[in-house]
Amino acid sequence: VKDIVACLDEFPLINNLQFSFWDWISDYYQCNLGEVYKAAIPAGLKLESQTKISYREDFKAEKQLSKTEELILSILKNSKDVSIQTLNQASGLKNALPQLKKLLEKGAIEVEERVLSSYKEKQIKYVRLFRDYSEDELGEVLNGLSRAKKQQEILFAYLNLSKHSIADKPEKVTAAELLLSSQSSSSILKTLVDKQILEIYFESIDRLDFSDSETSPLKELNAYQSKAISEIRDSFKSKNTSLLHGVTSSGKTEIYIHLIQEQINLGKQVLYLLPEIALTTQIISRLKHVFGNRVGVYHSKFNDAERVEVYNNIQQNDPEKSYQVILGVRSSIFLPFNNLGLIIIDEEHENTYKQFDPAPRYHARDAALFLAHLHQAKTLLGTATPAIETYANCKQGKYALVELMHRFQDIKMPEIQLADLKEAKRKKRMHSIFTPELFEGITLALDNKEQVILFQNRRGYAPFLECKSCGWVPHCENCSVSLTYHQYNNQLVCHYCGHSTQPPQSCKQCESTDMVDKGFGTEKIEDELRGFFPQARIARMDLDTTRSKSAYEKLIYKFENQELDILVGTQMVSKGLDFDHVSLVGILNADSMLNFPDFRAHERSYQMMAQVSGRAGRKNKQGKVIIQTHDPKHPIVQSVIKNDYLSMYQTQMSEREEFIYPPFYRLINITLKHKNNGLLTQAANTLAKSLRKIFGIRIFGPQAPLVSRIQNYYIVNILLKIEKKSSPAKAKWILNREANNLKAIERFKTVMIQFDVDPM
Ligand code: ADP
Ligand code: ZN
Ligand code: ZN
């Protein structure tokens, strides 16, 4: 039996529903529980063992210490509980381990292993009187300080700030404000503390903002919205999941807000999922207007400590203070809910809901349906462009379908104009990357003081550099992919592994110095715009410009307040943002999306174009969209123009059926990775062969993906297509067995095998 040293938590961190949920995730997505745990628990709550080194007060040097040992000791004497890393840093040594061993032998230091979580409460330092004094006693104390003017000043300042009186409780005084108001230093304050006149104490405070904001009542729904909401309510009587298929700007969000209110009235929690952090900044202010500080946000731009506090807030289930609504991106499905009534999944078609790497490779929408089931809660999916799978589930009757086909205030859907790139290039009428149509459109919008959004599916300046004489293209040294040119820092960057390098002065193949950039990304668009429209205020929203949490907020705020004229962006600008004064949306290159080699490319292009278009003309007047393409007759482009989701859906469904893809079949992708390409090929062939014996023609590959080497690992995929009627659980069990059999072969031991269930 061992003694209890410390109590780590006052209440369990994880509830039973979470355990069931994790089990399901690990089982369905074929990963281990540890991987789920890692994704589910905020890093700040994870326990890690840490080595702490400290100086032994009772140490008496018997033998001579070396110079470096002396140095280390002097650092340790001045600070307690130092980690090896900090010690290395402070001493300037690469590795202090040998010296530490010697010091340990000589009895100069202590080393302790501790299990700690990195989370620390945020504390405020306060000052108060050491004890209750009567007026007389206080007068004496002040008199006693008459020779120590500085100390007296601090005491006076304290009495003043705390509005000291014998009758009333004093007000709280922080050490910081006390020093400020008395113009004093902390050493003088310390003297008063040492004399036991004042006392320092600490109180923990929340990092999260619980300040009361002004709330306003719910907006009244219009007739279409009212009809839709009552259909949703009705559908929940017989079905657990409902899809709200509403065109962009039809007022879906207002409907969600009404449904959230109903759940709050019932004392239930609501999880509101969004595909993109940029979106949370807009929706949060709409929700706070109605629900005040009962709404919390959760996403990866919060720091570790903040995320711990959101987690604890929900966990503690405090009727006074806990959030009732959580707005978050995919990882928020892992929060410790105990009483969910409704999950809203906005923009449910977005593929950012799927986690690619690392495991668990879960789809937050699909996992949320199981989460809802655990809580016996309902799920509302919402979008203007449903995922094919989702719409098919509606058609089959698994989900209810509610439609909302009128924009709020009957603003017309934007007018969509096609700009033929081929023709403009042939007639030499391009303004750099802009067709005459788009160029004039931008000019007109700027003249009218209206805003413009320009969309391009690529960040950076140019997707690659190319030698004009021999066609050589610089590639990443770790990955089989060309490097993207970023002009702002004059670097070639690999978007897969982050490797970056200076652009070469000359071609590595023929030494020609004539290197040109090919294609264009958001950065180049921004650059060209500045040349053509020097008066316009232009900003860019992509991964490169939104690394910090406040970057999003600033960009969106500025654009909302018309401090910007043109916003250039990647898919970040396509997702559900709501701006009032955007009259023109330009899509610079529809073809790159349409021609992407993936069976979902057409579905995605439709969704992307329809969604970006939806940013135009949301209030006041009809907006305009200009799509630049080499192929204006493309059926997908045509269905975007006609706002004809259904025809896109039907064509896609018949293609999916013919070529055996979801929703008719389930897919499981098996990825093998190794640094040795030959070994990898052998392993993949062996596995594919054994799988083929079992699954026959439902096994495809091994096949190298588009980018077949990342960070020096070669990659091949084997794809399994499972008939809907056969059991996926059994197939997964077999896959696991076969993968283990392969790994049991000595020479394939080091091959990495990963599963991706329902890959996107
Ligand atoms: P969606 O989510 O379908 O794109 P939103 O809910 O964002 O649409 O609505 C579009 C715009 O119309 C928003 O600015 C919203 O505030 C406004 N709006 C929608 N419904 C109402 C309503 N019933 N009353 C007042 N304004 C509304
Ligand atoms: Zn060359
Ligand atoms: Zn790379």
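Computed from the coordinates by the stated procedures, all read-outs in this text should not be read as laboratory data. Remember, it's a predicted structure, so these values are computed and weren't measured experimentally. Here the Cβ is made from the backbone with ideal geometry for all residues, glycine too, and neighbour counts use every protein chain on show.
Structure notes:
- The chain - share of DSSP beta bridges that are antiparallel (%, nearest 5): 50
- Absence of a disulfide-compatible partner, taken as no other cysteine beta carbon within less than 4.7 angstrom, is noted in the chain for C7, C31, C394, C497.
- Across the chain, the relative contact order, built from alpha-carbon pairs under 8 Å that are at least six residues apart, equals 11 percent.
- The distance between label points at S592 and K227 comes to 4.1 nm (points 7 Å beyond Cα on the Cα→Cβ vector).
- Amide H to amide H, with H built 1.01 Å from N, K378 comes under 5 Å of L342, I343, counting only residues 5 or more places away or on other chains.
- Positive-end residue, the range 111-238 charge dipole about Cα centroid, Cβ charges, pick of P170, Q225, V141: Q225
- Highest mean packing comes first when the peptides 215-226, 454-465 are listed by Cβ atoms within 10 Å, giving 454-465, 215-226.
- Total charge dipole magnitude, the range 519-600, about the Cα centre, Cβ charges on Lys, Arg, Asp, Glu only, Debye to nearest 20: 200
- The stretch between A601 and T51 holds 192.9 nm of extra length on full extension. This uses 0.36 nm per residue minus the Cα-Cα distance.
- Rounded if a/c under 1.5, otherwise prolate or oblate - the range 247-326, Cα gyration tensor axes: oblate
- Candidates P504, A688, T629 compared by Cα position along the dipole of the chain: farthest toward the positive end lies A688, with charges placed on Cβ.
- Dipole of the range 80-160, positive direction: furthest Cα of G107, L97, Y126, with charges on the beta-carbon: L97
- Per-pair calculated FRET efficiency, R0 = 30 Å: S146 and I124 via Cβ, rounded to 0.05: 0.40
- Net length gained if the chain between M430 and K60 were fully extended (0.36 nm per residue, minus Cα distance): 125.0 nm
- Rounded FRET efficiency, nearest 0.05, which uses the C-beta distance separating K619 from N78 and R0 of 56 Å: 0.35
- Of K38/K693; K524/K575; K120/K301, those spanning more than 30 Å from alpha-carbon to alpha-carbon: K38/K693
- Charges were assigned to the Cβ only: +1 to each Lys and Arg, -1 to each Asp and Glu. The resulting dipole of the range 94-202 about its Cα centre is roughly 680 debye.
- Segment S185..D212, full-extension length gain: 6.3 nm, with 0.36 nm per residue of separation and the alpha-carbon distance subtracted.
- Residue list for the range 582-619, given a label point 7 angstrom along the Cα-to-Cβ vector of F659 and an amide N cut-off under 14 Å: 594-605
- In degrees, nearest ten, helix 67-78 long axis to first principal axis of the chain (Cα): 80
- Considering only the range 475-614, percent of DSSP beta bridges that pair antiparallel, nearest 5: 60
- Only helices enter this figure: runs of n ≥ 4 DSSP H residues, each worth -39500 (n - 2.57), summed and divided by the residues of the chain, yield -11500 deg cm²/dmol at 222 nm to the nearest 500.
- Residue order, fewest to most surrounding Cβ atoms within 10 angstrom, among T352, T501: T501, T352
- Size of charge dipole - the chain - debye, nearest 20, with Cβ of Lys, Arg +1 and Asp, Glu -1, no other charges: 2200
- Here each label is just a point 7 Å from Cα along the line to Cβ, and for C510 and C470 those points are 0.8 nm apart.
- Pairs exceeding 29 Å between alpha-carbon atoms, taken from K428/K619; K172/K554; K2/K122; K52/K94: K428/K619; K172/K554; K2/K122.
- Taking N as its residue count, the alpha carbon Rg of the range 378-528 over 2.2 N^0.38 Å: 1.49
- With respect to the chain, whose longest principal axis is taken over its alpha-carbon atoms, helix 277-291 is tilted by about 70°.
- In this simple spin-label model, placing a label point 7 Å from the Cα along the Cα-to-Cβ direction at both K239 and H630 gives a separation of 4.2 nm.
- Rg and Dmax [Cα atoms of the chain; Å; Rg one decimal, Dmax integer]: 31.3, 97
- Our coupling estimate for the range 515-526, obtained by passing each phi through the Karplus curve with A = 6.51, B = -1.76, C = 1.60 and θ = phi - 60°, is 9, 10, 8, 10, x, 7, x, 4, 5, 5, 4, 4 Hz, Gly and Pro reported as x.
- Residues of the range 86-101 with amide N under 14 Å of a point placed 7 Å along Cα→Cβ from L116: 86-87
- The C-alpha atoms of the chain define a longest principal axis, and helix 364-375 lies at about 60 degrees to it.
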